[in-house]
Amino acid sequence: MSLDVRAVTESEFRDWQRALRTGFLRTPVVSDAEVADRLAAADLTRTLGVFDRDRIVGTFRSFRQEVSTVGGGSLTADAITQVTVSPTHRRRGLLGRMMAMDLAAAKERGDAIATLIAAEYPIYGRFGFGAASWAAEWSVDVNRSGLDPRRSGRPEDGGRIDLTDGDEIRKAGPEVHRRLAGVRAGVTNRDARDWEQGTGLGFQSHPWREPYYAMYRSESGEVEGYVAYSADDKWDDAKRPQNTATVRDLIAVTPAAERALWHYVCSIDWIATVRTGYRAPDDLLPLLLPDPRAARLLTYADMLWVRVLDVVRVLEGRTYPVEDGLVLEVRDVDGWAGGRFRLDASPAGAACVPTSAPADLALDVAEVSTLAFGDESAVRLSRLGRVEELTAGAAARADLLFRTPLRPFSPDVF
């Protein structure tokens, strides 16, 4: 029997939510409040389901997103989320059918890239996606860190740390987040709904526990960062506190703010351990501690996956630190972004045009997706056999063009 793939209707949305929960191994019971909340935010024309007669056995949704590029620009993305196939219908090509339908629509709309957060690493490479950013999480042994707790709320740079609340974060946070996108590639935008849900307003899929909020202001009074964190309540048999502070969100747009916020969190009375949440792999945290070994790496894993749909817009939409030109032979088995392109780049700007000139590098679109955000090395990919160097030294030249001083960072899961 054939399986139909199409957009769902409003009356089918509850069943779609039930299939989604089943695929993610959550209880398949969907409340009226959850249906109403999710439906209000969903574009049903971009909410796909796989139908086996009257039952939904696959889910797929996308939405409009802005992603920061190297140099502070942005690209419009087709953000893909809530992808599942029910365990009764795996290995039938259903994900491929939903993906093809969505990417065709994204290409038609003119989206430059598609993005997603992969639940499993091996799934999305075959669709042209590459890991464009990575995330790290540390556990800090506060007692071993060597920080002086007496100065946790009094930064040495003249700034200050103030406790605040969700209302103030909703007011000041969006501008701080926009400034982060100006200095880091890979930052995805947050809309008003994201800020509301992230600070406890509206429907919550899990019981809400209000975090503590602290904000860093520079000596001039400008907000340059904030942190949201929670804490447990654990004491040992000798009546000594063994509490863990877990960072839910920390955004800092200057090194001073980053140092001050981490010093503050790692110096709170009764806190023995700090879990950092997902951070950029080159976060200052380990090395700002007098004893960096106090920060134990818990997680290092792929974060934002990108699939280029428009090579010209992606390569022209970022800055480059040096002047050079390369011809790239981009392979794309799905036909969305393949071709041969000449990139002429300099600190003043870049031009990327189709060409028939001999290629310097040949690579799949997934590799273009990783290189464009500056986190991967063309030399490394060449040694792995994922980039073919057709002109001697071209991979090293590509690294000088594409690599960035700050690694991309994607703070949000979507």
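At-a-glance table
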quantity	calculated
For residue 187, residues with placed amide H under 5 Å, excluding near neighbours	68, 409
Sites residue 208 and residue 296, calculated FRET efficiency, Cβ-Cβ separation with R0 35 Å, nearest 0.05	0.75
Compactness index (Cα Rg / 2.2 N^0.38 Å), the chain	1.07
Convex hull volume per residue for the range 34-163, taking Cα atoms only, in Å³	233 Å³
Selection of chymotrypsin sites (Phe, Trp or Tyr not before Pro), the range 1-86, meeting DSSP coil and at most 15 other Cβ within 10 Å	24
For the chain, accessible area per residue (1.4 Å probe, heavy atoms of protein chains only), Å²	47 Å²
Of the GluC sites (Glu not before Pro) in the range 3-74, those whose Cβ has at most 12 other Cβ within 10 Å and which sit in DSSP loop	none
Label-point gap, in nm, between residue 64 and residue 324 - each point 7 angstrom along Cα→Cβ	3.7 nm
Cα→Cβ-extended label distance, 7 Å offset, between residue 413 and residue 40, nm	2.4 nm
Förster-model FRET efficiency, 41 Å R0, residue 108 and residue 157, C-beta, rounded to 0.05	0.25
Calculated FRET value between residue 396 and residue 54, using beta carbons and R₀ = 45 Å, to 0.05	0.20
Computed helical MRE - 222 nm, the chain, DSSP H runs ≥ 4 contributing -39500 (n - 2.57), nearest 500	-7500 deg cm²/dmol
In the range 154-221, trypsin sites (Lys or Arg not before Pro) in a DSSP loop with at most 16 other beta-carbon atoms within 10 Å	209
Cα→Cβ-extended label distance, 7 Å offset, between residue 33 and residue 123, nm	2.8 nm
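The values are calculated or read from the model by the stated rules, or taken from the named source; none is laboratory data. Just so it is clear, the model here is predicted, and its values are computed rather than measured. Backbone-built Cβ (ideal geometry, glycine too); neighbour counts: all protein chains shown. Keep in mind that these areas ignore ligands, DNA and RNA; they rest on the heavy atoms of the full protein, side chains included. Shrake-Rupley method; radii C 1.70, N 1.55, O 1.52, S 1.80 Å.
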